[in-house]
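Asker: Have a look at this one.
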Amino acid sequence: MTILVLAEHDNATLKLDTAKVVSAACAIGGDVHVLVVGHQCSAVAQSAQTLQGVSQVLVADNSVYEAHLAENISTLLVDLAPNYSHILAAASSFGKDAMPRVAALLDVAQLSEVIAIVNADTFVRPIYAGNALATVQSHDAIKVMTVRASAFDATAVGNNAALTTLDKVFEAKTQFVSQSLTVSARPELGNAGIIVSGGRGMGSGENFGMLEQLADKLGAAVGASRAAVDAGFVPNDLQVGQTGKIVAPNLYIAVGISGAIQHLAGMKDAKVIVAINKDPEAPIFQVADYGLEADLFDAVPELIASLG
Ligand SMILES: Cc1cc2nc3c(=O)[nH]c(=O)nc-3n(C[C@H](O)[C@H](O)[C@H](O)COP(=O)(O)OP(=O)(O)OC[C@H]3O[C@@H](n4cnc5c(N)ncnc54)[C@H](O)[C@@H]3O)c2cc1C
């Protein structure tokens, strides 16, 4: 059994999610390889070589792969697929873009958002917005999976896996035009240790400035409920929940968020949940480790002041 993990990176730095997906791959058992596809990405390949449990890192380094277009990556993965029993990627925007194409081209069923490995062909994944867990068995010869990275600890570093360079280049007709990225000095929502999240109760985008101040004091990322996003308070890349980001920080502070199941689906695995809400009946208090029944416009400034 040989397992291939598709690395996620920006051509300079390997994302932590890859180390978590490697942990999932190690739980399956067998040889674990990591595929780094990109351009001028040798530093990423070197980081991948250090991941414990990885026996080989494959590198496809070409200008064609610079923008990480799923059309090119999926064709490369399909070419490599006959050597592998499993192909894994994080259930991030990147993984969710590439892997369904791989599964379709191989004519196998994708296993999505896997959160636990039972054995080499049986996996656990959430359904109904995380309200039920399905244990699914795959009979496909090659198992194409996305892994919910927040469900696995990152594998340790300190390894020195072998490096193999891939020469074949796969170029689809799709052309990369441009991308506009949100530039933020705060940690990335998906990997943040602390998240301060605001809901409709914030009342406006301007009031989110308060949460940004709190986040900066705590070294936290800022998140939001869908209602806050839909109301235009904040951009939709901050959305946490079933149709947003799935996060599992050490501390999640929910401010003016009611705690709808679709929101809980994205944050209930946080280690400590703090809720600030003026409604004692708000469902968020049922999952909160610490609940503060208060007006957020009093509580948040007090919290900021007390943090010095
Ligand atoms: C298919 C589907 C997918 C969805 N996906 C998502 C998702 O990914 N993420 C998500 O978040 N939602 C999602 N939703 C929407 C979800 O059902 C809720 O509508 C949404 O989460 C509500 O957001 P909220 O808690 O901010 O707003 P509300 O439910 O309106 O809650 C606002 C809260 O703020 C409190 N409040 C108001 N003023 C104050 C104050 N001054 N001080 C303190 N507290 C105050 C209120 O008591 C209330 O509890 C989805 C819905 C559907 C149908």
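The values are calculated or read from the model by the stated rules, or taken from the named source; none is laboratory data. As the structure is a prediction and not an experimental result, all values here were calculated from the model. Every residue, glycine as well, gets a Cβ built from its backbone with ideal geometry; the counts of neighbours run over all protein chains shown. Just the protein is used for accessible areas: all its heavy atoms, side chains included, with ligands, DNA and RNA removed. Shrake-Rupley method; radii C 1.70, N 1.55, O 1.52, S 1.80 Å.
Asker: Please list, short to long, the whole-number percent of alpha-carbon pairs of the stretch 269-308 in consecutive 10 angstrom bins beginning at zero.
Answerer: 31, 48, 21, 0
Asker: Rounded to whole Å and sorted largest first, list the principal axis extents of the Cα atoms in the stretch 1-114.
Answerer: 33, 29, 23
Asker: Once you wrap a convex hull around the alpha carbon atoms of the stretch 51-99, what is its projected area averaged over all directions, in nm²?
Answerer: On the way: hull surface 16.5 nm².
Mean projected area of the Cα convex hull: 4.1 nm².
Asker: Here's a follow-up. Can you quote the Å³ per residue value for the convex hull of the Cα atoms in the stretch 146-210, rounded to an integer?
Answerer: Convex hull volume per residue, Cα atoms: 255 Å³.
Asker: Dipole magnitude of the chain about its Cα centre, charges +1 at Lys/Arg Cβ and -1 at Asp/Glu Cβ only, in debye to the nearest 20? Before the final figure, lay out each step's value.
Answerer: Values: 17 positive and 30 negative charges, 66 e Å.
Here the size comes out at about 320 debye.
Asker: Can you order the peptides 153-166, 24-37 by their average number of other Cβ atoms within 10 Å per residue, highest first?
Answerer: Values: 153-166: 13.6, 24-37: 22.7.
Packing proxy ranking, top to bottom: 24-37, 153-166.
Asker: How far is helix 70-80 tilted off the main Cα axis of the chain, in degrees rounded to 10, range 0 to 90?
Answerer: Once rounded, one gets 40 degrees.
Asker: Per residue, how large is the accessible surface of the chain? Use a 1.4 angstrom probe and give square angstrom. Don't jump to the answer; show the numbers that get you there.
Answerer: Working: 14270 Å² over 308 residues.
Per residue, the chain has an accessible area of 46 Å².
Asker: Please report, in whole Å, how far the alpha carbons of the chain spread along each principal axis, starting with the longest.
Answerer: Dimensions of the chain along the principal axes of its Cα atoms: 60, 39, 38 Å.
Asker: Where does the stretch 196-308 land on Rg(C-alpha)/(2.2 N^0.38 Å)?
Answerer: 0.93
Asker: What angle do you read, to the nearest 10 degrees and between 0 and 90, between the alpha-carbon axis of helix 16-28 and the longest principal axis of the chain?
Answerer: With both axes taken from Cα atoms, the answer is about 60 degrees.
Asker: So which trypsin sites (Lys or Arg not before Pro) in the stretch 130-184 pass both tests, a DSSP loop state and at most 15 other Cβ atoms within 10 Å of the Cβ?
Answerer: Details: sites: LYS143, ARG148, LYS168, LYS173; in loops: ARG148, LYS168, LYS173.
Within the stretch 130-184, the qualifying trypsin sites (Lys or Arg not before Pro) (loop, at most 15 other Cβ atoms within 10 Å) are LYS168, LYS173.
Asker: Carbon and sulfur: what percent of the chain's accessible surface (1.4 Å probe)?
Answerer: On the way: 6990 of 14270 Å².
Looking at the chain in its full context, I get 49 percent from C and S.
Asker: Continuing with this model, one more query. How large is the convex hull of the Cα atoms of the stretch 115-254 per residue, expressed in Å³ as a whole number? Walk me through the numbers on the way to the answer.
Answerer: Values: hull volume 30.5 nm³, N = 140.
Output value, Cα hull per residue: 218 Å³.
Asker: Which lysines have a Cα lying under 26 Å from the Cα of LYS168, excluding residues fewer than 8 positions away in the same chain?
Answerer: LYS15, LYS96, LYS143
Asker: Do any trypsin sites (Lys or Arg not before Pro) in the stretch 182-282 lie in a loop, going by DSSP, with at most 13 other beta-carbon atoms within 10 Å of their beta carbon, and if so which? Present the calculation step by step, with values, prior to reporting the outcome.
Answerer: Details: sites: ARG200, LYS217, ARG226, LYS245, LYS268, LYS271, LYS278; in loops: LYS268, LYS271, LYS278.
Sparse-neighbourhood loop trypsin sites (Lys or Arg not before Pro): LYS271.
Asker: Using only the Cα atoms of the stretch 180-239, what do you get for the radius of gyration and for Dmax, in Å?
Answerer: So, for the stretch 180-239, Rg and Dmax equal 10.6, 29 Å respectively.
Asker: Using alpha-carbon positions, what is the distance between the centroids of the stretch 86-162 and the stretch 186-211, in Å?
Answerer: With the stretch 86-162 and the stretch 186-211 each reduced to a Cα centre, they are spaced 29 Å.
Asker: Dipole magnitude of the stretch 100-209 about its Cα centre, charges +1 at Lys/Arg Cβ and -1 at Asp/Glu Cβ only, in debye to the nearest 20?
Answerer: On the way: 8 positive and 9 negative charges, 36 e Å.
Dipole size: approximately 180 debye.
Asker: What is the gain in length, in nm to one decimal, between THR13 and TYR290 on full extension, counting 0.36 nm per residue of separation less the C-alpha to C-alpha distance?
Answerer: Numbers: separation 277, 0.36 × 277 = 99.72 nm, distance 3.59 nm.
Residue separation times 0.36 nm, minus the Cα-Cα distance, leaves 96.1 nm.
Asker: Compute the acute angle (0 to 90°) between the alpha-carbon long axis of helix 208-218 and the principal axis of greatest extent of the alpha-carbon atoms of the chain; round to the nearest 10°.
Answerer: The angle comes out at about 70 degrees.
Asker: Right, here's the next one. With a 10 Å radius around each residue's Cβ, average the other Cβ atoms per peptide and rank 293-299, 121-127, highest first. Intermediate values should be presented prior to the final figure.
Answerer: Values: 293-299: 14.9, 121-127: 17.4.
For the peptides 293-299, 121-127, the packing ranking is 121-127, 293-299.
Asker: Given points 7 Å out from each Cα along the Cα-Cβ axis, report the THR182 to THR243 separation in nanometres with one decimal.
Answerer: Between THR182 and THR243, the label points sit 1.7 nm apart.
Asker: Would you work out the charge dipole size for the stretch 1-129 about its Cα centre, treating the Cβ of every Lys and Arg as +1 and the Cβ of every Asp and Glu as -1, and quote it to the nearest 20 debye?
Answerer: Values: 5 positive and 12 negative charges, 57 e Å.
It comes to approximately 280 debye.
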